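For reference, the structure is listed below as structure tokens.
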Amino acid sequence: MKYWLHRISHLSNISYPFLEKGYLTIGFSDFCEAEFLDKVSNGDWDYFESQFDDIWGNRPKIRYNLWRFLADMNKGDWVIVPSWGTFSIYKLKNKYALLASDLTINIPEVDCIGKKIVRDNDYNMLKLEGEKEYLDIGFLREVKLIAKDIPRYEFADSALTSRMKIRTTNADISDLKNNVKKALSAFQSDKPINLKAQIIEKSVDIWHSIILEELNDDKFEKLVKWYFDQIGANETLIPSKNYEDKVGDVDVIATFENIKTIIYVQVKYYKGETSDWAIWQIKDFSESKENMFDGYSRQYWVISSSDTFSTESYNQAKEHNILLIDGKQFVRMLLDIGIESLEKFV
């Protein structure tokens, strides 16, 4: 039996409702054919490579995610699915994956924001009602829930916490099977195992209050910039508020050259609840970057000092793949990297 990490970052507004129905999903719908599933599930690597050559004309690194999903994952394996500050554990029910076009699949009625999910009558592919484009859900694995929404800070040790931060879609984490079992056992017995997390959790409210009482808009932006400096960004920038040809809005830009990733952050210094206006601002900004082909991947975040976001904010964030971080989550992130160097923060 193996242990896997599988991250839901692709079409999360569709994938999470499928997970509630007992299906783990992945994209690659261009390859959603019975022959492809059969040959790859049985380990035909040469065929797998040839199909990427024929259909996509190249062999991107992300193809390994599909290979692991179809060929390596097996019945009885455990799959850890990280989410917003938590993780869930599932067990694979079958040896082989399913095609999204399989009529036996019990598809969810609606996505995360209430749009109806339907099947196309011609190809049996999935789409949202009223839309022409197919949903890029190509393959599914049927899973059984073992434990849901285990808080990371309370029950995951440092090794497991670190592994859940990797950005690839999936990975074999069988070397951490004891860490996973320890986390599950602690969660089931309600006995947190992470001393650091317990200290952090007891400090969160105090630090959050200090941020709300002592900072202002500009200082909170600088604190967000400082955070990215501390975690290794090669370059951080607070752009001018009124630059030419401005589309949408972004307050902090952090570039990580070693992983070719740029994180754009909308920063909000609020108390109470943050509305969905912040999401619309950064969504408009993200759309202005969609056609850039410079070798960098791009992530879009909203960091707010507020206690929470509105329900509509969470819905919009899921639909547009925007990461929301509220005030207390951001405090945990600050405490996680250490507070000694805060003396240098102005």
(message) If I ask for residues that are among the β-branched types (Val, Ile, Thr), surrounded by fewer than 19 Cβ atoms within 10 Å (Cβ to Cβ) and closer than 25 Å to Pro82 by Cβ, which ones from segment 22-67 would you list?
(response) Ile62
(message) So, Phe293, is that one more than 16 Å from the chain's Cα centre (by Cα) and either modelled with pLDDT of 90 or more or buried (at least 16 other Cβ atoms within 10 Å of the Cβ) (or both) or not?
(response) no
(request) Within segment 38-58, track down each residue that is more than 24 Å from Ile8 (Cβ to Cβ) and not in a helix (DSSP H, G or I). (result) Asn42, Gly43, Asp44, Gly57, Asn58
(request) Being among the polar types (S, T, N, Q) and more than 30 Å from Pro60 (Cα to Cα) narrows it down to one of Ser174, Ser209, so name that one. (result) Ser209
(request) Kindly provide the set of residues from segment 1-59 that are more than 15 Å from Leu140 (Cβ to Cβ) and basic (Lys, Arg), ordered by number. (result) Lys2, Arg7, Lys39, Arg59
(message) When you check Ile137 against the structure, is it over 20 Å from Trp84 (Cα atoms), touching a residue at least 60 places away in the same chain (Cβ under 8 Å) and surrounded by 13 or more Cβ atoms within 10 Å (Cβ to Cβ), yes or no?
(response) yes
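Before we move on, is Lys148 farther than 28 Å from Thr261 by Cβ, in the same structural domain as Glu33 (by TED's automatic domain parsing) and within 17 Å of the chain's Cα centre (by Cα)? Quick ask: steps written out before the conclusion?
On the way: farther than 28 Å from Thr261 by Cβ: yes; in the same structural domain as Glu33 (by TED's automatic domain parsing): yes; within 17 Å of the chain's Cα centre (by Cα): yes.
Spelling it out, Lys148 is indeed farther than 28 Å from Thr261 by Cβ, in the same structural domain as Glu33 (by TED's automatic domain parsing) and within 17 Å of the chain's Cα centre (by Cα).
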(message) Whether any residue in segment 119-131 is of a type in the set (A, V, I, L, M), within 30 Å of Asn179 (Cβ to Cβ) and not in a strand (DSSP E or B) is what I want to check.
(response) no
(request) Residue by residue through segment 186-204, note down the ones that are surrounded by 13 or more Cβ atoms within 10 Å (Cβ to Cβ) and modelled with pLDDT of 85 or more. (result) Ala186, Phe187, Ser203, Val204
(request) List every residue pair whose Cβ atoms lie under 6 Å apart, where the two residues are 6 or more positions apart in sequence or sit on different chains, the first residue falls within segment 19-41 and is in contact (Cβ under 8 Å) with a residue 60 or more places away in the chain, and the second residue, located anywhere, is crowded, with 22+ Cβ neighbours inside 10 Å and among the basic types (Lys, Arg). (result) Leu24/Arg141
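Residue-wise test of (1) in a strand (DSSP E or B); (2) touching a Leu at 6+ places or on another chain (Cβ under 9 Å).
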{"position": "Pro17", "(1), (2)": "no, no"}
{"position": "Phe36", "(1), (2)": "no, yes"}
{"position": "Trp67", "(1), (2)": "no, no"}
{"position": "Val81", "(1), (2)": "yes, yes"}
{"position": "Ile89", "(1), (2)": "yes, yes"}
{"position": "Leu103", "(1), (2)": "no, no"}
(request) Kindly indicate which of Ile238, Ile263 is among the hydrophobic types (A, V, I, L, M, F, W, C), assigned by TED's automatic domain parsing to the domain that holds Leu335 and under 30 Å from Ile14 (Cβ atoms). (result) Ile263
(message) Please go through segment 142-155 and give me each residue that is surrounded by fewer than 17 Cβ atoms within 10 Å (Cβ to Cβ) and of a type in the set (Ser, Thr, Tyr), ordered by number.
(response) none
(message) Against the definition (in contact with a Ser or Thr (Cβ under 6 Å, 6 or more places away or on another chain) and at pLDDT below 90), how does Ser286 come out, yes or no?
(response) no
(message) If the requirement is being crowded, with 20+ Cβ neighbours inside 10 Å, at pLDDT 90 or above, among the aromatic types (Phe, Trp, Tyr) and within 23 Å of Phe18 (Cβ to Cβ), which of these qualifies: Tyr90, Tyr96?
(response) Tyr90
(message) List pairs: first residue in segment 100-118 and more than 25 Å from Phe69 (Cα to Cα), second residue in a loop (DSSP other than H, G, I, E, B) anywhere in the structure, Cβ distance under 6 angstrom, at least six positions apart or on different chains.
(response) Lys116/Glu129
(message) Can you tell me which residue is surrounded by the fewest Cβ atoms within 10 Å (Cβ to Cβ) among those in segment 156-179 that are touching a residue at least 40 places away in the same chain (Cβ under 8 Å) and of a type outside the set (A, V, I, L, M)?
(response) Arg167
(request) Go through segment 53-83 and give me each residue that's of a type outside the set (Gly, Ala, Ser), over 17 Å from Arg167 (Cβ atoms) and without any contact (Cβ under 8 Å) to a residue 12 or more places away in the chain. (result) Asp53, Asp54, Asn58, Arg59
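Conditions tested, residue by residue: (1) out of contact with any Gly (no Cβ under 7 Å at 6 or more places or on another chain); (2) within 16 Å of Arg7 (Cβ to Cβ).
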site: Ser83; (1), (2): yes, yes
site: Ala97; (1), (2): yes, no
site: Tyr123; (1), (2): yes, no
site: Leu135; (1), (2): yes, no
site: Gly138; (1), (2): no, no
site: Glu142; (1), (2): no, no
site: Arg152; (1), (2): no, yes
site: Arg163; (1), (2): yes, yes
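The values are calculated or read from the model by the stated rules, or taken from the named source; none is laboratory data. Just so we're clear, the structure is a prediction, and the values are computed from it rather than from any experiment. Neighbour counts are summed over all protein chains in view; Cβ atoms, including those assigned to glycine, are modelled from backbone coordinates with ideal geometry.
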